[in-house]
Each structure stands twice: as structure tokens, then as C-alpha cells.
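Novice: After the C-alpha cells below, expect a handful of questions from me.
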Amino acid sequence: MLMANRDKDLIYAIGKGKGLYRVEPDVIAADTKPQLTPFYAFQASGQVVVDLESRTAWCASSDETASDGLYRNIVQCDLGASGENLTPQITTPLRNAQGQSLLGSGNLAMSRAEDSTNATTGERGARLYCITQGSAGASKRVSAFPLPLSPDGMVETGGTSLGTSDLWLHWHAPGERLLVAVENECRLQPLDRDARPTESARIPVQVGPVDMAASAAMEAVYTLNFVSKTVTVTPVSELAPTSAFNDALESYRYEILLAFWGLVSNVLQYLKDCFCHHLLVKCPTCDDDEKLWLATVEIRDGQVYKICNFDRRKTVKSFPTLEYWASLIPVLPLLKKGIARFCCAILPDVFGAFRDKLLPEPGRDNQSGQKALTEAGAIKQTQRSFNRTDRGALWEQQKKSLSFYGKTFMDAGMQRVRGAQTAEPGVSKQTYIGSDTPTTRAELEKRGIEVATVETYDERYAGRYAEAYAGTPQVIEPGTRVTLIEKDGVIEFYHVEKTSPELALSADELEALERRKAALELDKAGQELQRLETQKLQTESEISTLQKQLDEVRAERDRQQTQLAEMTEQNRELTSGLNTLRSDLEEIRVMRTEINREITADRPVRSISAVSPEVDASLRELDIRTVAELSKVTTTQLVQAGIDETTARTISREAKARLKGA
């Protein structure tokens, strides 16, 4: 969005995928729900630069099918034209000097003809600056193109390749330089009018430069650094630093970093020494009244009965003592060696081995080809992702996960303990006391123990429960039936179910029972066979009925498919006719809109309620008789004709609104 400094009533804005908008603040303020229409309609990608002297705008555009966020074309729009949904006067693709197509990213910048002169040819001319690349992800190049654009296409007059870092362009007219912010290298790169390198290749700033601001009235350039959250103020006199200036600044920076490096390493050395000092055991001091107990001697019947060295004797907890008692642990020597190496290390010397890699000495020879440890663009993306993250919700999710892991680990440990209490295949009668009922039932059945019933604990039967629990063997064997006694879903105990005593029968009685059993089984088998035969006949009858229904359904399906094909053809014909009717109605609507606009434009100014006879006379002196002529006149011209400023603004706004509403 750009403000027209010379015309306070206009704002120029870009709508992605829509085009260039010319916004009148007064019209928007008068409408509660303004419906904006593009001034120029094209596939805009968001970049725009405006020259108010020539009343021309240059915008970046892309293809309708492109989704990579890069632009392919530059369009030229005449800001002095009138109307809506206009087509740009010139649309030309980005091409290099060899005619190859280019992609564009970042912002646009321009220099006017009076801003600079070519030092070699003395030529004066405007330039458009774009950030181009041969393909997505390729090295970026700052390219210069002459303005205004030619219908024959854009011809690159010069350019400079600056790697893959994100770039930002700004033309500094007082210094006649194009300033390029190189985000990953923490510097500004000054280029000449044709985007070629100058003698000064580096203007240092802070981390992640993303934007610049300056004007002819300013004596400095202000650079916004995204990562370090600072603004670097660079005086105009320092926009062309010499090599000696940069070398001195680089040496100063190196000395500051060395000082911080030494300070941090010595602070860490101090903290490490304090920690290791506390690992050394101090010997206690003794006085004449204190006793040193060596052992306890017990005497019975005048003879030494027992000598105990651990009764009242105190042992100093020193490293030799710990080493002696923990000598069975094989990792102890390694731990001792590691602590010794850590506590005896000189951290400044250790850090010195990495200093040359992380802080190379100033000099162009030893820094050529080096790459930053991390890119400012990656830091910026990470910071934006961090700011968008709901850390409270993320912490709640992690707490739920940790709670679940803790429960599962505890349950797994309990299962291991329970499995180790008794040897397979039996189960101890104390194993599942305190567990929940479903888990206990499943585990017992898994081990071959049948759960006969589950009863609720009743205090009235406490004596019976104690007797049943005492009568249950310590190990319950597989195949046993048990009764679970629970309270609030938790097992209080379980006991073996009592079995009924067996009946004593003679051999004749057992033989008679066997014959009776065989007869019953034979009779039952006959009844089952008869039932299956009846079920077979019923099933065959149902299959026959279903087959007839299937044939009828297939016939109906074929008929429906034929009708569907006929209806599809009719629908196609109706759709074609409807599209033709819509096209005719759209043409009629367009014609009606044009006729209404022409009628409104030719209506006399007296049709506006605020135009009095005196105002009408003043307008006639300006040769203004129609609403269209009145909409083209500025408020200043109306005031100069003798119309008061309030009336001038009112009739000008109403005239413009009528033409827009028509």
C-alpha cells in the first residue's frame, strides 16, 4: 500500500491475485460496506513501486497456475487513466540479457531519471530493480531494467549475483546508490545505478537486516534487523566505507569477541573449580575429650566372647573408602578417571582449541569460502514458529503423555512383580489383592483358574470371609474355581470355591446310568437331524424366492440405467441452453450498466441536490455542465472558482459516487 503524497485523496494498494487498487478515503468513509473494484485487473503477486512524477506504477505479476510465491512478469499501469478493471498498458516477462526467462522474489525499487547519471556514458534514465533467479532455490541476482517499459520486452542493463540469502532493495537518491540488505550476511551491499558492484562491498549492520528507510531529507539510513530486534543508523557519510575502515572495524570486533571469549571461559573455570572443591572431604578436627571408637568387645565368663568393628566405630566417607566398598562395580575406575580429568582440566585451554574455528582472525585470505554457522532466515522462521506456538497447550499435551508413560511403566513393573511371586502355573492367593476386578479376572483366567462368581464385600460376613481365606491354599492350581470378593471395584481377597461331595454308586447303577445316557444322546441326535432337514427345506425355499427377487431387481436396475442415460442427455441439453441464456443476460446487464453510466454522466449538475443556482453559475464559468465534468474537477479548482470548500467537497464527492454507483 502506498500513499500518494501529492494527492492526499488517493491511496494505491495491491491485492494479491486481484490487481492494483486506487482507493479514495472519502468514498470509503461514506460507505459502511465499501465494495472495492480493481483499478487495473491482473494476477498481482504483491510487489509495487510508484513514480508520482510520471504518474506510472510498475507491479509484479505471476501466472494463474503458479503456487511458488514467485513472480514472472512486470506490468506498467498509467495512473492518469480513468475507469475500473482496466488492462495494464504493458505486460512483459522477466528476461536476462540472453533472453532467458527469470523468476522474481522480494520487493521492487526504482530510481528516477533525475536521481543519477551513468558515470561512463553520461546517460540519465530511470531504472527498475528486481531480485531475480533462474529457478526456485537458485542463486539470487539484483537486476536493473530501463524505464519506462517497452512493449518489445525488458532488457537487463546490469546486475550482481548475491547468493541464496533473502534480499531487500532500497534506492538512496542522495547517495545515488542502490542499497541491498543481505539478510544472512548481516550487511548492506551498495550497487551503482545499473546494479553493478561499487568499490565498497560491505556496510556492516546487525543480525538479519530485512528493511530500510531513508529519504532525501534524512542524513542517515535506518536498517531494521529482525533477529537482533534493533535498528542500525548508518550516516550518509559512511555509505561508501573504505577497505581500511572495514578492516579496522573487523579488528575491533575480533578483539571484543576475544575479550568475551576469555571472560566466559574463566567464569566457567571458576564455577568448575568451586564444584570440584566440594568433592574433597575435609578431615575433622579432634580435641582431648573426644574418643575414637575402634570396636566393641563383649566379654562373657571372663573371656572375650565377640569383637565387633561396626558397632560404634565411624568410618570417614573418603574416596579410598568408597573405592574399597564399591570395588565390585567395574565402572568405578572409569568414573574416578573421568572426575579427575574434569576437575583438573583448564577450560580456557580447552576452549582455545575451538576458538580458531569459531572466531577466525581478521583477514580476507582465511575467511574466503566460509559459511555462517546458521542462517538468519532460518532463525527468523524458527522465531515466527515459536511465537505462533501455544506453549501452554503444548505443555498440557506433554504432561498427559508423561502421565500415560508413568502409568504404563508402573503397570509393567507391577506385572513383573506379580509374575515373580509364584512359579508357573499356580497363582498365590495374595498376588491380586488390591487390583481392579476386570484385570484380576482376566489374569486368573489366563492362568487357567476359573472365576465362578464375584461378590461384594459385606462386613456382616467377616468371620466367614476369614475362614474361607484361611482354607484357601497358598498356591491356587490351574483348573480351580475361585470366588472374588470386591469392594468399590477393588479386590479384597479371593478364595477357592467349595466342591460338593461325590456320591458313591454301585457298578450296576453306573452301568444303568450309562445306558440311559446313550439312549438320551441317540434320541437327541435324531431330533437334531429332523430339525436340520426341516431347516434345509426352508432354506431352499428362501433361496428360490431370493433368486426371483434378484432377477426382478436386475431388470429394474437395467430400466433405471436407461432412464438415467436419457435424463443425463436432457440435463446436458438444458445446461447448454442455461449457459447460453446466462451469457445473453450478462451482455444485457453490461449494456444496461454502460447506458446508466452514460445517462448519469450526461445529467446536468443541477441534478445534484447541493448545487444551488449560484453554484451552478460558478460551474458554468468553469465550463462544467454535466456530472461527468464535475467529477473530474478537484476541490481546489472549485474553491478557486468562488465555491466554499464544504460545498465543493460535497458536490465533488456526490458526483464521483453517482458515477461509481451507476
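The values are calculated or read from the model by the stated rules, or taken from the named source; none is laboratory data. Just so it is clear, the structure is predicted and the values come from calculations on it, not from any experiment. Cβ placement follows ideal geometry from the backbone for every residue including glycine, while neighbour counts extend to all protein chains displayed. To get the accessible areas, we keep the full protein, side chains included, count just its heavy atoms, and leave off ligands, DNA and RNA. Shrake-Rupley method; radii C 1.70, N 1.55, O 1.52, S 1.80 Å.
Novice: I'm trying to understand the selection: among the residues of region 98-118, which are among the hydrophobic types (A, V, I, L, M, F, W, C) and modelled with pLDDT under 80? Reasoning before the result, please.
Specialist: Looking only at region 98-118, we keep the residues that are among the hydrophobic types (A, V, I, L, M, F, W, C), and these are 102-103, 108-110, 113.
A113 - this is the single residue of region 98-118 that is among the hydrophobic types (A, V, I, L, M, F, W, C) and modelled with pLDDT under 80.
Novice: Which of the residues spanning region 220-239 are out of contact with any strand residue (DSSP E or B) (no Cβ under 7 Å at 6 or more places or on another chain) and in contact (Cβ under 8 Å) with a residue 60 or more places away in the chain?
Specialist: V227
Novice: Then there is this: Does V27 satisfy the criteria of being of a type in the set (V, I, T) and more than 38 Å from the chain's Cα centre (by Cα)?
Specialist: Yes, satisfied.
Novice: Do the conditions hold for A468, that is, is it of a type in the set (G, A, S), closer than 14 Å to K429 by Cα and open to solvent by less than 60 Å² (accessible area, probe 1.4 Å)?
Specialist: yes
Novice: Could you list, in sequence order, the residues of region 146-172 that are farther than 23 Å from F226 by Cα, open to solvent by less than 20 Å² (accessible area, probe 1.4 Å) and among the hydrophobic types (A, V, I, L, M, F, W, C)?
Specialist: Passing the criteria: L149, M154.
Novice: Let me ask something additional. In region 72-85, what count of residues is obtained for those that are under 38 Å from the mean Cα position of the chain (by Cα) and open to solvent by less than 40 Å² (accessible area, probe 1.4 Å)?
Specialist: 5
Novice: Restrict the check to region 429-440 and report whether at least one residue is farther than 14 Å from E492 by Cα and either part of a helix (DSSP H, G or I) or modelled with pLDDT of 85 or more (or both).
Specialist: Of all residues in region 429-440, those farther than 14 Å from E492 by Cα come to none.
Scanning region 429-440 turns up no residue that is farther than 14 Å from E492 by Cα and either part of a helix (DSSP H, G or I) or modelled with pLDDT of 85 or more (or both).
Novice: Checking I543 against (1) within 60 Å of the chain's Cα centre (by Cα); (2) at pLDDT 90 or above: exactly one of these is not met. Which one?
Specialist: It fails just one condition, (1).
Novice: Go through region 354-378 and count every residue that is open to solvent by 70 Å² or more (accessible area, probe 1.4 Å) and modelled with pLDDT of 75 or more.
Specialist: 6
Novice: Let me ask something additional. Looking at (1) modelled with pLDDT under 85; (2) surrounded by 10 or more Cβ atoms within 10 Å (Cβ to Cβ); (3) out of contact with any Lys or Arg (no Cβ under 9 Å at 6 or more places or on another chain), find the lone condition where V605 falls short.
Specialist: So V605 meets the others, but not (3).
Novice: Do we find that G448 is surrounded by 13 or more Cβ atoms within 10 Å (Cβ to Cβ), in a loop (DSSP other than H, G, I, E, B) and touching a Gly at 6+ places or on another chain (Cβ under 7 Å) in this structure?
Specialist: Yes.
Novice: Collect the residues in region 51-66 that are modelled with pLDDT under 90 and either more than 20 Å from R95 (Cβ to Cβ) or open to solvent by 50 Å² or more (accessible area, probe 1.4 Å) (or both), keeping them in residue-number order.
Specialist: Once the filter is applied, which keeps residues that are modelled with pLDDT under 90 and either more than 20 Å from R95 (Cβ to Cβ) or open to solvent by 50 Å² or more (accessible area, probe 1.4 Å) (or both), region 51-66 yields D51, L52, E53, S54, R55, D63, E64, T65.
Novice: Return the residues of region 579-604 that are in contact (Cβ under 8 Å) with a residue 12 or more places away in the chain and over 11 Å from R658 (Cβ atoms); say none if nothing qualifies.
Specialist: Those that are in contact (Cβ under 8 Å) with a residue 12 or more places away in the chain and over 11 Å from R658 (Cβ atoms): T593, D602, P604.
Novice: Of (1) open to solvent by 40 Å² or more (accessible area, probe 1.4 Å); (2) closer than 29 Å to L103 by Cβ; (3) hydroxyl-bearing (S, T, Y), S45 satisfies all except one. Which?
Specialist: Of the numbered conditions (1) open to solvent by 40 Å² or more (accessible area, probe 1.4 Å); (2) closer than 29 Å to L103 by Cβ; (3) hydroxyl-bearing (S, T, Y), the odd one out for S45 is (1).
Novice: Failed condition for V633, given (1) in a loop (DSSP other than H, G, I, E, B); (2) aliphatic (A, V, I, L, M); (3) more than 56 Å from the chain's Cα centre (by Cα), with all others met?
Specialist: So V633 meets the others, but not (3).
Novice: Which condition from (1) on the phi < 0 side of the Ramachandran plot; (2) of a type in the set (G, A, S); (3) open to solvent by 50 Å² or more (accessible area, probe 1.4 Å) is the one that G69 breaks?
Specialist: (1) is the only condition that G69 fails.
Novice: Can you find even one residue in region 457-468 that is under 60 Å from the mean Cα position of the chain (by Cα) and either small (G, A, S) or modelled with pLDDT of 85 or more (or both)?
Specialist: yes
Novice: Do we find a residue being open to solvent by 40 Å² or more (accessible area, probe 1.4 Å), charged (D, E, K, R), in a loop (DSSP other than H, G, I, E, B) and on the phi < 0 side of the Ramachandran plot anywhere in region 130-145?
Specialist: Just the residues of region 130-145 that are open to solvent by 40 Å² or more (accessible area, probe 1.4 Å), to begin with: 134-137, 139, 141.
Filter once more, keeping what is charged (D, E, K, R): 141.
Of the ones still in play, those that are also in a loop (DSSP other than H, G, I, E, B) are none.
No, every residue in region 130-145 fails to be open to solvent by 40 Å² or more (accessible area, probe 1.4 Å), charged (D, E, K, R), in a loop (DSSP other than H, G, I, E, B) and on the phi < 0 side of the Ramachandran plot.
Novice: Would you be able to say whether some residue in region 327-349 is modelled with pLDDT of 80 or more, more than 19 Å from H277 (Cβ to Cβ), within 56 Å of the chain's Cα centre (by Cα) and surrounded by 10 or more Cβ atoms within 10 Å (Cβ to Cβ)?
Specialist: yes
Novice: In region 210-223, what residues are closer than 30 Å to A97 by Cα and surrounded by 18 or more Cβ atoms within 10 Å (Cβ to Cβ)?
Specialist: The one that is closer than 30 Å to A97 by Cα and surrounded by 18 or more Cβ atoms within 10 Å (Cβ to Cβ): M212.
Novice: While we're here: Which residues, counting only those in region 451-465, are of a type in the set (D, E, K, R) and open to solvent by 50 Å² or more (accessible area, probe 1.4 Å)?
Specialist: Selection gives E455, E459, R460, R464.
Novice: Let me ask another. Considering each residue of region 61-101, count those that are outside any loop (DSSP other than H, G, I, E, B) and in contact (Cβ under 8 Å) with a residue 60 or more places away in the chain, and give that number.
Specialist: Residues flagged as outside any loop (DSSP other than H, G, I, E, B) and in contact (Cβ under 8 Å) with a residue 60 or more places away in the chain within region 61-101 amount to 6.
Novice: Okay, moving on. Does T539 fit the bill of being hydroxyl-bearing (S, T, Y) and farther than 24 Å from L444 by Cα?
Specialist: yes
Novice: Return yes or no: is R141 closer than 22 Å to D51 by Cα and among the basic types (K, R)?
Specialist: Taking the combined requirement at face value, the residue does not satisfy it.
Novice: Moving on to the next point. Can you give me the number of residues within region 161-179 that are in contact with a Leu (Cβ under 8 Å, 6 or more places away or on another chain) and assigned to a strand (DSSP E or B)? Steps first, answer last, please.
Specialist: Taking region 161-179 first, the residues in contact with a Leu (Cβ under 8 Å, 6 or more places away or on another chain) are 169-172, 175, 177-179.
Checking which are assigned to a strand (DSSP E or B) leaves us with 169-172, 177-179.
Number satisfying all stated conditions: 7.
Novice: Just a yes or no: is a residue in region 101-109 open to solvent by less than 40 Å² (accessible area, probe 1.4 Å), farther than 17 Å from I14 by Cα and touching a Pro at 6+ places or on another chain (Cβ under 9 Å)?
Specialist: yes
Novice: Right, next: Among (1) farther than 28 Å from P88 by Cβ; (2) open to solvent by less than 10 Å² (accessible area, probe 1.4 Å), where does R196 come up short?
Specialist: (2)
Novice: Please state which one of K498, K536, K548 is open to solvent by 90 Å² or more (accessible area, probe 1.4 Å) and assigned to a loop (DSSP other than H, G, I, E, B).
Specialist: After ruling out the rest, the residue left standing is K498.
Novice: Please count how many residues of region 578-602 are open to solvent by 70 Å² or more (accessible area, probe 1.4 Å) and modelled with pLDDT under 85.
Specialist: 7
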